[in-house]
Amino acid sequence: MEFSLTEEHLMIRDAARDFAQTELFPGVIERDEKQEFPKELVRKMGDLGFMGIMVDPKYGGSGMDTISYVLIMEELSKIDASASVIVSVNNSLVCYGLEKYGTEAQKEKYLTKLATGEFVGAFCLSEPEAGSDATSQKTTAIDMGDHYIVNGTKNWITNGGRSDVYLVIAQTDREKGHRGINAFIVEKGMPGFDIGPKENKLGIRGSDTHTLQFNDVKVPKENRIGEDGFGFKFAMKTLSGGRIGIAAQALGIASGAYELALKYSKERKAFGTEICNHQAIAFKLADMVTEIEAARMLVMKAAWDKDQDNNYDFSSAMAKLYASKVAMEQTVEAVQIHGGNGFVKEYHVERLMRDAKITQIYEGTSEIQKIVISRTVLKD
Ligand code: COS
């Protein structure tokens, strides 16, 4: 058992904290209000190596471990969960998927640019009728010999209007069920690939979420990822790592709200003393910090499992389930500690509360995580 972070981890965490405070913080309220994608900040995160954290340096990545990834995600998410979801999707759904399962040619062509932040990536699994029920893909990819013809609609796609590379899951052979699903690399601008309107969201409003339309899009065969029929397993394996990123995002949202609440409680006075001196508030802080630390342990365990090459389907599902619950509950508490000010944008906690909700929904709802967890414990 080793609970301490290495010197290198501490340096990485400090660098992410510094970036979040100095670069993300200044415009975060405005970006949330205007639903503005942080284009320039994404470029800066690319320069810092945050867009390809775990990618091998030979493909332009930072070559760091998953512990480093969650440390960065936590720090970014304390300040701006819209920026951190861009990082999470690019790293754990797109870069990881390509590095682990892509061909050398695909890595050369796409991963090298995604890992540096020159390109941004999106992961396209959800459909109007296939969110949790991910095997029910209606999008089709018909095998035409040297290419596929893709038709269908994808929903709620993060980075949807801002990506250069889209990993698209589609059904090639319906008879084969989930074994007839494939994953493809679709490039922005391919004829027949259209980006629909942007969603007007409750939270993570600075991230860019769209419906995507595929009308007879011709995708070369060399853009298929893995063997024929590997697409559903590709999606599941990739999402297991994605869930570690979202769990770390939830942890960051919760700890960001806690830090604000702690500071506020030491400044705000009521009944002749700072409100932290009232047990009603002190006990809330005690619960918050305990819950957040428990979530941190689960997030770190899942990251450690991935770094050790252990199976992390189970630990990532538990980390996401628990950290997202903590994020939702503790951001509500942070608003409560702030009282009337908590309801006002300038105090930041209302945004964190709105941002927390999505962590219980995307990359597998809490109910899906319970399916994964319960199936594992009931398996034998
Ligand atoms: N790694 C590798 N393979 C996996 C896997 C994983 N983590 N999870 C499932 N599979 C495989 C199974 O082994 C099975 O393959 P075989 O039949 O060859 O053994 C196949 O995938 C289908 O699995 P299963 O029968 O369990 O499918 P279900 O339809 O019951 O669905 C859940 C399984 C619910 C876990 C899956 O659909 C899921 O994760 N849904 C949520 C998707 C999601 O996160 N959506 C959000 C979109 S991204 S924002």
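The values are calculated or read from the model by the stated rules, or taken from the named source; none is laboratory data. Everything quoted here is computed from the prediction, not taken from an experiment. Virtual Cβ from ideal backbone geometry, glycine too; neighbours counted across all protein chains shown. For accessibility, only protein heavy atoms count, side chains too; no ligands or nucleic acids. Shrake-Rupley method; radii C 1.70, N 1.55, O 1.52, S 1.80 Å.
Figures for the structure shown
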{"quantity": "Estimated Rh, the range 163-281: Kirkwood, alpha-carbon pairs, angstrom", "calculated": "18.5"}
{"quantity": "Whole-percent carbon and sulfur share, accessible surface of the range 1-45, 1.4 Å", "calculated": "53"}
{"quantity": "Highest-fluctuation residue, 202, 262, 111 considered, GNM on the chain with Cα pairs under 10 Å", "calculated": "202"}
{"quantity": "Local electrostatic count at residue 35 - Lys and Arg +1, Asp and Glu -1, tallied over other residues with Cβ under 11 Å", "calculated": "-1"}
{"quantity": "P(r), alpha carbons of the range 236-378 - 5 Å bins starting at zero, rounded %", "calculated": "2, 12, 20, 19, 16, 11, 9, 6, 4, 2, 0, 0"}
{"quantity": "Residue 1 paired with residue 332, simple spin-label distance in nm, labels 7 Å along Cα-to-beta-carbon", "calculated": "3.2"}
{"quantity": "Sparsely packed trypsin sites (Lys or Arg not before Pro) within the range 1-65, loop by DSSP, other Cβ within 10 Å at most 12", "calculated": "none"}
{"quantity": "Isotropic mean projected area of the C-alpha convex hull, the chain (nm²)", "calculated": "19.3"}
{"quantity": "Chymotrypsin sites (Phe, Trp or Tyr not before Pro) lying in DSSP loop within the range 1-79, provided at most 14 other Cβ fall within 10 Å", "calculated": "3"}
{"quantity": "Packing-based order for 304-317, 158-171, using average beta carbon neighbours within 10 Å, highest first", "calculated": "158-171, 304-317"}
{"quantity": "Theoretical gain in end-to-end length, residue 18 to residue 278 [0.36 nm per residue, Cα-Cα removed]", "calculated": "90.3 nm"}
{"quantity": "Choice from 108, 175, 127 with maximal GNM fluctuation in the chain (Cα, 10 Å cutoff)", "calculated": "175"}
{"quantity": "Positive-pole candidate from 45, 278, 246, dipole of the chain, charges at beta carbon", "calculated": "278"}
{"quantity": "FRET E, pair residue 344, residue 151, Förster distance 56 Å, beta-carbon r, rounded to 0.05", "calculated": "0.75"}
{"quantity": "Net charge over other residues, Cβ less than 10 angstrom from the Cβ of residue 243 (K, R count +1; D, E count -1)", "calculated": "-1"}
{"quantity": "Cα-centred dipole magnitude for the range 122-231, charges only on beta-carbon of K, R (+1) and D, E (-1), debye, nearest 20", "calculated": "340"}
{"quantity": "Computed magnitude of the charge dipole of the chain (debye, nearest 20; Cβ of K, R +1, Cβ of D, E -1)", "calculated": "620"}
{"quantity": "Per-q log10 I(q)/I(0), the range 115-202, q = 0.14, 0.22 Å⁻¹ (Debye; single scatterer per alpha-carbon; no solvent)", "calculated": "-0.51, -1.14"}
{"quantity": "Separation of the residue 289 and residue 29 label points, Cα + 7 Å toward Cβ, nm", "calculated": "2.8"}
{"quantity": "Hypothetical label at residue 366: residues of the range 237-251 whose amide nitrogen lies under 19 Å (7 Å Cα-Cβ projection)", "calculated": "243-251"}
{"quantity": "Pairwise label distance in nanometres, residue 43 with residue 200, each label 7 Å out on the Cα-Cβ vector", "calculated": "3.0"}
{"quantity": "Computed [θ] at 222 nm, deg cm²/dmol, the chain (DSSP H ≥ 4; -39,500 (n - 2.57); rounded to nearest 500)", "calculated": "-15000 deg cm²/dmol"}
{"quantity": "Mean-position separation - Cα centroids, the range 1-39 and the range 191-220, in angstrom", "calculated": "27"}
{"quantity": "DSSP-assigned coil residues among chymotrypsin sites (Phe, Trp or Tyr not before Pro) in the range 245-281, each with at most 16 further Cβ atoms within 10 Å", "calculated": "271"}
{"quantity": "Residue (of 190, 204, 149) at the positive-pole extreme of the range 122-231, dipole from beta-carbon charges", "calculated": "204"}
{"quantity": "Solvent exposure of the chain as accessible area per residue, Å², 1.4 Å probe", "calculated": "44"}
{"quantity": "For the range 222-283 and the range 309-380, distance of Cα centres in Å", "calculated": "7"}
